[in-house]
Amino acid sequence: MPYRDDDEDDRDDPQSADMDDDDTADDSDESACPLCGATMAFDAIKCPQCGSWVNAVNPAKRRIEQFIWSAVTLIIAAALIYVWVLR
């Protein structure tokens, strides 16, 4: 199709949505520290501001693991007390 001078919709021109600067959070390679909220690299393992370690473990999974370790420790302690009393 030949180009006409009165064509206002040029497909080669960038759209206004492409030129917005408000979508920087979508393609950002930075994240916030979960402890202090400081900006740091997305793949950082330690916060440069507060020095806390960034762990990728899901908080719900962490609670389950903590519960399991607490239960195991309690069972071992109960078994040791039981053996000590029967001695």
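Might you let me know whether the stretch 3-17 holds any residue that is exposed (fewer than 10 other Cβ atoms within 10 Å of the Cβ), of a type outside the set (Phe, Trp, Tyr), under 30 Å from the mean Cα position of the chain (by Cα) and at pLDDT below 85?
Checking the stretch 3-17: at least one residue is exposed (fewer than 10 other Cβ atoms within 10 Å of the Cβ), of a type outside the set (Phe, Trp, Tyr), under 30 Å from the mean Cα position of the chain (by Cα) and at pLDDT below 85.
Scan the stretch 21-43 for residues that are in a loop (DSSP other than H, G, I, E, B), among the small types (Gly, Ala, Ser) and modelled with pLDDT of 85 or more and jot them down.
37, 38
The values are calculated or read from the model by the stated rules, or taken from the named source; none is laboratory data. From a predicted model like this one, the values you see are computed outputs, not experimental measurements. For neighbour counting, all protein chains shown are included, and Cβ atoms are generated from backbone atoms with ideal geometry for every residue, glycine included.
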